[in-house]
Amino acid sequence: MVLAIVIVLLVLGTVLLHILSPWWLTPIASNWSAIDTTINITFWVTGIVFVAVNLFMAYAIYQYRYKKERRSHYDPENKKLELWLGGLTTLGIAAMLAPGLIVWGDFVTPPEESAEVEVLGQQWHWMYRFPGEDGQLGETHPRFMSEDNPFGIDPSDPAGQDDILVFGNILHLPVDQPVRLVMRAKDVIHNFAVPHFRAKIDMVPGMVTSFWLEPTRIGEFDVVCMVLCGMAHHAMRGKVVVESPEDHAAWLAQHPTFAQTQQPIGDAATGQSLYASCASCHGPEGQGNRAMNAPKISGLPTWYLQRQLRFYNDRVRGFHQDDVYGQQMAAMMAVLPTEEAIDHVVAYIDTLPDEPAPTTIDRDIRRGESLYRNCASCHGDDGRGNYATSAPPLAGQHDWYLKQQLENYQRGIRGSHSRDYYGSQMMMMARTIHNDQAMLDLITYINSL
Amino acid sequence: MSYTAIADQPVHMHDPTTFVSKYIWSQDHKVIAIQYGVTAIFVGVVALVLSALMRLQLGFPDTFEFINPNTYLQFATMHGMIMVVYLLTALLLGGFGNYLIPLMIGARDMAFPYLNMLSFWTYFLSVLVLLASFFVPGGPTGAGWTLYPPQAILPGTPGVDLGIVLMIVSLAIFIVAFTMGGLNYVTTILQARTAGMTLMRMPLTLWGIFIATVMGLLAFPALLVSAIMMAMDKLVGTSFFMPALISLGEAVDHSGGSPLLFQHLFWFFGHPEVYIVALPAFGMVSDVLATHARKNIFGYRMMVWAIVVIGLLSFVVWAHHMYVSGMNPTFGFFFATTTLIIAIPTAIKVYNWVLTLWQGNIKLTVPMIFAIGFIFTFIHGGLSGLFLGNVIVDVPLSDTYFVVAHFHMVMGVSPIMVLFAAIYHWYPLMTGRMFHEGLGKWHFWITFLGAYAVFLPIHYLGILGLPRRYFSFADTDFIPDTAHMLNAGVTVSAIIVALAQLLFIINIVWSFKHGKKADPNPWGAASLEWQTPEQPPRHGNWGDSLPVVYRWAYAYGVPGVKQDFIPQNVPTEQVMMLDENGAYQEQEV
Amino acid sequence: MNLWGRLTEKPWLAAPGGVPVAAEPPATDFASKRIALYFFLAVATVFFSLLVITFLTHSQFPGFQALAGEPWQPFTDTTRLWFNTSLLLLSSLAMQIALMASRAARPKLCLLALVGAIFFALQFLLAQLWLWQQLSDMGYGVRANPSSSYFYLLTALHGLHLVAGLVVLVKPLMGFWKGKSLDLIGGSVKLCTTYWHYLLVVWVLMFGLLASSEETYRTLAALCGL
């Protein structure tokens, strides 16, 4: 009796939850509304079966509850009934399968006029490549991949020279234009999933996969990785910005071609004169200065310096009102107003000697070592950083600065800007450090590297 | 006569005398079954604790220091692998298969008792190797239970040094154990059935176990092949699954391998594995339903055929796990069709269970309410499978929490409902005592309602687009705050359900010594395992002579018969009939 | 009764005359073991088939180099493979003789033949190891190419199956040692013979596969729809 009532209530509750659920498909932003239709068809068919079978069962439990004098009806089989039920089920299945296969047919045939964009997945971020003027993506192979050529573009392929490279997690797409996302993975299997687009396919190392869609709504949408790809899988996030074709063209023009990235960056001699204003805080050899709250900048890789300086310039870093020192630095960027100036000074800093900073923190190194396991995946077992994961070196940096930055990440003072495409990763990771004690232990271990 | 000459020789059954030969190196199928069961439940509890830890992180992020991205993935991997392989497969086939096969077919023991003992101890070894990975440097592997290469054997994944190697070795040992056990179950069912036990007179439990075992024998080799090849990639440096790639900035010395090949192999095992778990559960729940509804199982023949058809079809649906893997898209048409076809025999089974209740005389005992709970959760899990089986619907939903919810409902909650039903149902037979009814009901209500409260809402998180295997959902725009609150609620339910399992453990341990003495056939079951001379059955099961079977296992409520059931081994002429006035009389047929 | 009849019988109907239906010949210990062996052979067949299918898949990837077909490739000259095959064939023949001897109740011949089978099986294993040595000396190490990886993998797994067979063969030998009659040993000899022939067939197919050229793989892969 109770059981029958509970089953009825559960059925009602399930239907109510379904109707009232605030958790539902994200508002669609692509042409794949047909996928939503197939989901709805499936909900109708399965929902009717769910309600009907369970209510029937609840009724049977109630109606045929145990009575001492009752005998069950001896009923070995009923061919007619079973055939009817089987037939109805087959119909229901067909009602779901047929539209599904039709939409799948569309999904796997991209329209002829669709543009191509390459998505390159790696631990734990994506980079993007547009075909450039010739409309053709250059050949690639893992053997060409290096710090200077992360896409692995064949330098001898003329089609690759004008390919436009986007370093960073944020992809811009023009609205109302079909696009075929061509996907490669550098290391392990990844995915490029935008819930608002509905469509996704894995990217697999050693293969090129693809799918197509047509963005239909201007806006910013989250990208998430949907195949377990290692420790920081959950932090592999990005953004897709859908915008008008004009905005898109302007955005694309800001990015270098492959040929441009193969040029040496900046001129160290020009950079030296620019560096004079930096030296007052960061020291003549970039060794940093605690009194001025200036970190060590010598020994940092050029790609990291470039990114941070551009972030300061665009107020992606140092934007938060609580980030006093970050704001100071952002103000100082008046000295380096252009990309070229940044490149010059970076080229100069690259020539400075790399001496480890003095240490001030000394706590439980063994606990620190076990905590560092989470950091090591990106920053390396030796703390030397890794261009592949976009992780700067930690070893040799001032320990007070590391602590300050970890706290900034935890509080969202650093990394929470929507354009800081690696900041959110570090924010999530910094939050796994639960207290001051743990942070000091961790830094003690980094000091030992 | 189909009874076996070898089995029916009580003189040959040396009763074990010492403690060691009776309980440790035992060759008695019943003791081996208990050994399997206890080991499996033990690792199952480990896996349950792991899932609670994961839920804590999801519900209350960054509260516990020892749960970090590395350990979270390790918990997830070990939880999945233990639950699917080391708990469900081992308990359903090694535990219940071992216990019930000889008793239900009327044999004295398995066809090869020594092999049976070896099978258990090999399984035990695989469990030890698996658990050892918790204690090696770097910990167990965190590659997800699917162990996809290249990730499983590349840095950036937890446990890449020793954890993954131990996992592969443990799986290989498990497969050897399963093959030894499986050959035994299949041979015993085919060869050692007692006189009159035709194939179609077998209880559905045996059909489920039989087909599942055959499937296991043919599917586990795929896992073994992939494990061996991955071990070679990892240890010898071959390139079966490893293409040329750049791992964390460094080129690795591989080229020409295919990660998708592993996925095909894995799921060629992995999908049948779902049914290896499901079919014995289908069988056992059918018997529990019929017994406690006091009614014959409806459409027995259709139930048997459905089991066989599901078994066959499950070998041609594997790539529905790979719709978005980047495989040839034309495969999608084929596998979506086969996958949805498999829903038809499965649906028929559900209808027949419900129709078994119809016009029955339903006793809502503890095993029965668990069985009904199974029907409810299985309907739910089966229907959500229709979303994921249909290729285009799977595209937005794959790798989201919808998948998590679906397979936990259909492969987690449902078979575990059956396991509880089966343990409560056969507990009096195994121990000779009754469990505590009240505790059993509390256990049911908390587990059933709690588990539904855990997994129903998770479907909606999946529709929203939450990816699975995420340590943290912070900093995402498309996930509203209510979803985080929901996660906290789900965690609370999950912890309550996990704690409620203590009721179960207390119940079976306490009742073992203090439970009420059970009647010989407390449920009035018609199948053969309840008809042994002593209960619990002694070594050799059947005393001096084997039983002879006269009818099927579902003679409940046969018209004109005095009792509401007729045991399989009661000769027709001894059945007590009603006369025309409704009075009893001995009747000769 | 045939399988179809067995699976369609209506079990709720009383058996004719109330006696148990489906009287079957009594199952013997030997029959059970034979069933188990057949199931095991099915398992092994699935195991090797899956390996072969993955091999054919690999053969269609760029960069795959067959071990035969061109003059400089090691298995273009199949003399060594034929030599090894003949050893395994002799072992199988010896098993067959042992089987016939046990049927003809000639225990001494049976024992002799069994020893011969073990001798040739061990010779085969040694020859396979020698082949490994030779191949890796030629630069076809286990990592050289997927084709040679498969060569080592397949031969190693086949060899392991043979070693397992040798372990099982100890049982009839012990029977001779203890002076048991041929009636008790005959069953084991028969089952081992079946297993030996099976392994011979597996080896011959593997031989054919490994010594094929790339065109053959292409045809085979096309036939498998890969």
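The values are calculated or read from the model by the stated rules, or taken from the named source; none is laboratory data. Bear in mind that the values here come from a model prediction, so they are computed numbers and not experimental data. Here the Cβ positions follow ideal geometry from the backbone for every residue, glycine too, while neighbour counts run over all protein chains shown.
Tabulated data
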quantity: Search result, residues across region B:196-218 that are in contact (Cβ under 8 Å) with a residue 12 or more places away in the chain, among the aliphatic types (A, V, I, L, M) and either surrounded by fewer than 24 Cβ atoms within 10 Å (Cβ to Cβ) or more than 10 Å from chain C (Cβ to nearest Cβ) (or both); calculated: B:200, B:204, B:206, B:209, B:211, B:212, B:214, B:215, B:217, B:218
quantity: Unmet requirement for residue A:191, which otherwise passes all of (1) modelled with pLDDT under 95; (2) surrounded by 23 or more Cβ atoms within 10 Å (Cβ to Cβ); (3) polar (S, T, N, Q); calculated: (1)
quantity: Index of the failed condition, residue B:568 passing every other in (1) farther than 18 Å from residue B:429 by Cβ; (2) assigned to a loop (DSSP other than H, G, I, E, B); calculated: (1)
quantity: Any chance residue A:128 is surrounded by 13 or more Cβ atoms within 10 Å (Cβ to Cβ) and at the interface with another protein chain (Cβ under 7 Å from one of its Cβ atoms); calculated: no
quantity: Considering residues of region A:382-421 that are of a type in the set (Ser, Thr, Tyr) and within 13 Å of chain B (Cβ to nearest Cβ) only, the residue farthest from residue A:282 (Cα to Cα); calculated: A:418
quantity: Spans of helices (runs of 4 or more DSSP H) in region C:124-226 with at least 2 residues within 12 Å of the chain's Cα centre (by Cα) and within 26 Å of residue C:96 (Cβ to Cβ); calculated: C:146-177, C:182-210
quantity: Checking residue A:118 against (1) more than 8 Å from every other protein chain (Cβ to nearest Cβ); (2) touching a Pro at 6+ places or on another chain (Cβ under 7 Å); (3) buried (at least 20 other Cβ atoms within 10 Å of the Cβ), the condition it does not meet; calculated: (2)
quantity: Pair list, Cβ under 6 Å, 6 or more apart: region C:34-62 residue within 7 Å of another protein chain (Cβ to nearest Cβ), other residue surrounded by fewer than 19 Cβ atoms within 10 Å (Cβ to Cβ) and in a helix (DSSP H, G or I); calculated: C:35/B:190
quantity: Number of positions in region B:312-337 that are in a helix (DSSP H, G or I), at the interface with another protein chain (Cβ under 7 Å from one of its Cβ atoms) and closer than 16 Å to residue C:225 by Cβ; calculated: 2
quantity: Residue ID - nearest to the other protein chains (Cβ to nearest Cβ), chosen from residues in region A:67-87 that are farther than 21 Å from residue B:364 by Cα and small (Gly, Ala, Ser); calculated: A:86
quantity: Filtered residues of region B:505-540 (kept if within 22 Å of residue B:292 (Cβ to Cβ) and free of Cβ contacts under 8 Å to residues at least 60 places away in the same chain); calculated: B:520, B:521, B:531
quantity: Top-ranked residue in region A:136-166 [being of a type in the set (A, V, I, L, M, F, W, C) and touching a residue at least 60 places away in the same chain (Cβ under 8 Å); ranked as farthest from the other protein chains (Cβ to nearest Cβ)]; calculated: A:164
quantity: Among residues of region B:224-249, those that are more than 25 Å from residue B:85 (Cβ to Cβ) and more than 8 Å from every other protein chain (Cβ to nearest Cβ), counted; calculated: 0
quantity: Long-range neighbours under 6 Å by Cβ, at least six apart or interchain, first residue of a type in the set (Val, Ile, Thr) within region B:155-183, second part of a loop (DSSP other than H, G, I, E, B) and surrounded by fewer than 22 Cβ atoms within 10 Å (Cβ to Cβ); calculated: none
quantity: Residue count, region A:369-382 (criterion: outside any helix (DSSP H, G or I) and either surrounded by 22 or more Cβ atoms within 10 Å (Cβ to Cβ) or of a type in the set (Asp, Glu) (or both)); calculated: 2
quantity: Residue in region A:330-352 that is touching a Cys at 6+ places or on another chain (Cβ under 8 Å), over 25 Å from residue A:167 (Cβ atoms) and in a helix (DSSP H, G or I) present; calculated: no
quantity: Close pairs (7 angstrom Cβ cut-off, 6 or more residues apart or separate chains): in the same structural domain as residue B:501 (by TED's automatic domain parsing) and under 25 Å from residue B:189 (Cα atoms) in region B:20-46, outside any helix (DSSP H, G or I) and among the polar types (S, T, N, Q) anywhere; calculated: B:32/B:26
quantity: Check on residue B:265, buried (at least 24 other Cβ atoms within 10 Å of the Cβ) and at the interface with another protein chain (Cβ under 7 Å from one of its Cβ atoms); calculated: yes
quantity: Per-region count, region B:252-283, residues more than 30 Å from residue B:421 (Cβ to Cβ), among the aliphatic types (A, V, I, L, M) and either in contact with a helix residue (DSSP H, G or I) (Cβ under 7 Å, 6 or more places away or on another chain) or in a helix (DSSP H, G or I) (or both); calculated: 3
quantity: Residue that is farthest from the other protein chains (Cβ to nearest Cβ), among those in region B:134-167 that are outside any loop (DSSP other than H, G, I, E, B) and buried (at least 24 other Cβ atoms within 10 Å of the Cβ); calculated: B:167
quantity: Which listed residue, of A:37, A:42, A:46, A:90, is facing chain B (nearest Cβ under 8 Å), in a helix (DSSP H, G or I), of a type outside the set (A, V, I, L, M, F, W, C) and surrounded by fewer than 19 Cβ atoms within 10 Å (Cβ to Cβ); calculated: A:90
